[in-house]
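Written out below as structure tokens is the structure these notes cover.
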Amino acid sequence: MRTVPRLVRVARAEEIPVGRGKTVEVEGLFLAVFNAGNGRYHAVSGSCPHEGGPLGDGVLLGDRVMCPWHGFDFDVGTGSCSASPDLAVDVYPVRVAGADLVVELA
């Protein structure tokens, strides 16, 4: 059976500066939401799979978020890690709805 995705408000767009992220909790799920500039936002799993670093505190460099603890980087479009191909984060679609950011959850 196919699950219908839900749109969940996670933040106001103005809360996240360009190149930075914010950790949010949605129904017990931690997400890292990033502002890539020009109205583009990304959301990934909130914790680094290497040792649990808070990805929302990381810096967005192009299309990659850098974990602030050990520097593992993850592509915000695919979730892949260039430093360790066996690691990855989940990626969640983000939409701008008026002044708010909404994330699509399955």
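The values are calculated or read from the model by the stated rules, or taken from the named source; none is laboratory data. Since we're looking at a predicted model, the values are computed, not measured. Virtual Cβ from ideal backbone geometry, glycine too; neighbours counted across all protein chains shown.
A single entry from 76, 26, 44, 89 fulfils the requirement of being modelled with pLDDT under 95 and either of a type in the set (A, V, I, L, M) or closer than 19 Å to residue 104 by Cα (or both): 26. Scanning segment 37-65 for residues that are in contact with a Leu (Cβ under 8 Å, 6 or more places away or on another chain) and surrounded by fewer than 18 Cβ atoms within 10 Å (Cβ to Cβ) yields one hit, 50.
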